[in-house]
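The values are calculated or read from the model by the stated rules, or taken from the named source; none is laboratory data. Bear in mind the structure is a predicted one, so any value in this text is a computation, not a measurement. In this analysis, Cβ positions are derived from the backbone assuming ideal geometry, glycine residues included, and neighbour counts consider all displayed protein chains. Keep in mind that these areas ignore ligands, DNA and RNA; they rest on the heavy atoms of the full protein, side chains included. Shrake-Rupley method; radii C 1.70, N 1.55, O 1.52, S 1.80 Å.
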Amino acid sequence: MKNVKDKDYEKEIIEKCSILYCMHDKPMTQKCMCWGFECNSGWFSVIDEVSCKLEALNLIYYPKYKVRIQADQVKEKFGTLRFYFSVICEDVERTKEQEVIVTAMNSWADEIVRCAEDECYKTCEDCGHQIGTDWSPRC
């Protein structure tokens, strides 16, 4: 169970990256973000970093092109971080320009998320310390 400090840090990340986490207050019938970050706080600094990078893409492309990255679920699974996302185009009929942007954002977001998941593979989920090359989700 998360303590108050963890919930505050999680809330800070969600508020700072409001486009990315726009579904955080939707019911579980719509998105899994209703449960927040389903991992321990040792990974929160990595989640903060990946969130800021994805939000930066949103700030570039969402206002003008109505294309955004949306976090669907952030959790621990099999001892590593899983960061599920979707690239959403709000226009029903996409322009060629929007199609290209969706493809590019998917590619960029995949790389950003993969790096974060790799980082968490080497980071203790409980305390956030680097744990070396031997696999273990915790110290």
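Which order do peptides 26-37, 59-70 fall in by mean Cβ count within 10 Å, highest first?
Details: 26-37: 14.4, 59-70: 17.7.
Descending mean neighbour count gives 59-70, 26-37.
For Cα pairs less than 8 Å apart in space and 6+ apart in sequence, what is the mean separation divided by the residue count of segment 1-58, i.e. the relative contact order in percent? All intermediate terms of the calculation are to be shown ahead of the outcome.
Working: 40 pairs, mean separation 21.8, N = 58.
Relative contact order, segment 1-58: 38 percent.
I'd like the carbon and sulfur percentage of the solvent accessible area for segment 31-139, probe radius 1.4 Å, heavy atoms only, ligands and nucleic acids excluded.
Numbers: 3020 of 5730 Å².
The value for segment 31-139 is 53 percent carbon and sulfur by accessible area.
Can you tell me the alpha carbon radius of gyration of segment 1-55 divided by the globular rule-of-thumb value 2.2 N^0.38 Å? Kindly include the intermediate steps, with their values, before the conclusion.
On the way: Rg = 10.8 Å, N = 55, 2.2 N^0.38 = 10.1 Å.
So the Cα radius of gyration is 1.08 times the expected 2.2 N^0.38 Å.
How many nm separate the modelled label positions at Trp35 and Tyr84, each set 7 Å beyond the Cα in the direction of the Cβ?
1.0 nm
Of all DSSP beta bridges located in the chain, what percent are antiparallel, nearest 5? Each step should come with its number before you reach the end.
Values: 11 of 13 bridges.
Counting DSSP beta bridges with both partners in the chain, the antiparallel share is about 85 percent.
What whole-number value in cubic angstrom gives the convex hull volume per residue for the C-alpha atoms of the chain? Let's see the in-between values first.
Details: hull volume 14.7 nm³, N = 139.
It comes to 106 Å³ per residue, whole-number rounded.
Please name whichever of Leu59, Thr123, Val113 sits farthest to the positive end of the charge dipole of segment 42-139, dipole taken about the Cα centre and charges placed at Cβ: Lys and Arg +1, Asp and Glu -1.
Looking along the dipole axis, the top candidate is Leu59.
Where only protein heavy atoms count, and the probe is 1.4 Å, what is the accessible area per residue for segment 34-136 in Å²? Walk me through the intermediate numbers first.
Values: 5400 Å² over 103 residues.
On a per-residue basis, segment 34-136 sits at 52 Å².
So how strong a dipole does the chain carry about its Cα centre when Lys and Arg Cβ are +1 and Asp and Glu Cβ are -1, to the nearest 20 debye?
Values: 19 positive and 25 negative charges, 45 e Å.
Using Cβ point charges on Lys, Arg, Asp and Glu, the chain gives about 220 debye.
Tilt of helix 4-16 relative to the longest C-alpha principal axis of the chain, in degrees (0 to 90, nearest 10)?
Helix 4-16 sits roughly 20 degrees off the main axis of the chain.
What's the ranking of 107-118, 11-22 by average number of surrounding C-beta atoms within 10 Å, highest first?
On the way: 107-118: 15.8, 11-22: 17.6.
Sorting 107-118, 11-22 by mean packing, highest first, produces 11-22, 107-118.
For the chain, find the longest principal axis of its Cα atoms and tell me its angle to the long axis of helix 44-65, 0 to 90°, nearest 10.
Once rounded, the angle reads 0 degrees.
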